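Engineer: Quick one: this structure, given as structure tokens, is what I'll be asking you about.
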Amino acid sequence: MSHPLRSEIEKLVQSHPVMIFMKGTPDFPMCGFSARAVQVLKAAGVKQLSGFDVLSDDPMWEALEDFSQWPTVPQIFIGGKFVGGCDIVSEMFEQGELQPLVTEALKAKA
Amino acid sequence: MTLSLEELKARLEELAPGTQANVTDLTGTRDHWQAVIVSPVFEGKMMIEQHRMVMKLMQAEIDSGVVHALTIKTYAPSKAPKN
């Protein structure tokens, strides 16, 4: 059985080219990992980052973990697809794999 | 119960033939590990998939607490850093 809030998550990740579920907001992150993920995404060329604060919404937090089958926050979705958390996104940036994904997702939405 | 460095390395290398794991004990207490894993099965896969494969392999040890924390870096052989 799928989680009742699954469609809400689906809607968010489909309607924003780059979407981060995090603790706090992109402007005011409440956790070091979330803050680092935001920084990396900005460095990869994301100008308008859409964020969802899981601290403000426990049911959505639960639904998110169920949706992505990933146990930690932050979670980054690019072009509607789950890309990973802070470590993965940082590593992808260092290897030059993140930037093309971002560029493509932004272009697809433009 | 904890694993030794050699045991963890061997465990990770069960992922697939040709897998090489380089394991570091971050704290000297055999519960916070870092592993750099190079495997042919990672070729052409997104990093999230690579990480999921390793975490799935280690699920039982992580759930039971035998491995408390495992930070991983994964590379396909064609992308592995040379050293």
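The values are calculated or read from the model by the stated rules, or taken from the named source; none is laboratory data. Quick caveat, the model's predicted, so the values are computed rather than measured. So basically every Cβ, Gly included, is an ideal-geometry build from the backbone, and we count neighbours across all protein chains shown.
Engineer: Scan region A:8-62 residue by residue and report those that are closer than 20 Å to residue A:92 by Cβ, without any contact (Cβ under 8 Å) to a residue 60 or more places away in the chain and in a helix (DSSP H, G or I).
Structural biologist: If the condition is that a residue be closer than 20 Å to residue A:92 by Cβ, without any contact (Cβ under 8 Å) to a residue 60 or more places away in the chain and in a helix (DSSP H, G or I), then A:32, A:33, A:34, A:35, A:36, A:37, A:38, A:39, A:40, A:42, A:43 are the ones that fit.
Engineer: Counting just the residues of region B:41-74 that are surrounded by fewer than 14 Cβ atoms within 10 Å (Cβ to Cβ) and in contact (Cβ under 8 Å) with a residue 12 or more places away in the chain, which one comes out farthest from the other protein chains (Cβ to nearest Cβ)?
Structural biologist: Here the residue is B:43.
Engineer: Mind telling me which of the residues A:8, A:91, A:62 ends up being under 25 Å from residue B:50 (Cβ atoms) and of a type in the set (D, E, K, R)? Break it down into steps so the answer makes sense when it comes.
Structural biologist: Working: A:8 fails: under 25 Å from residue B:50 (Cβ atoms); A:62 fails: under 25 Å from residue B:50 (Cβ atoms).
After applying the criteria, what remains is A:91.
Each row is one residue, and each column tells you yes or no for (1) of a type outside the set (S, T, N, Q); (2) within 14 Å of chain B (Cβ to nearest Cβ).
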position: A:48; (1), (2): no, no
position: A:58; (1), (2): yes, no
position: A:67; (1), (2): yes, yes
position: A:76; (1), (2): yes, yes
position: A:103; (1), (2): no, no
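Engineer: How many residues, within region A:68-98, are touching a helix residue (DSSP H, G or I) at 6+ places or on another chain (Cβ under 7 Å), closer than 16 Å to residue A:14 by Cα and either surrounded by fewer than 18 Cβ atoms within 10 Å (Cβ to Cβ) or modelled with pLDDT under 95 (or both)?
Structural biologist: Looking only at that region, the number is 1.
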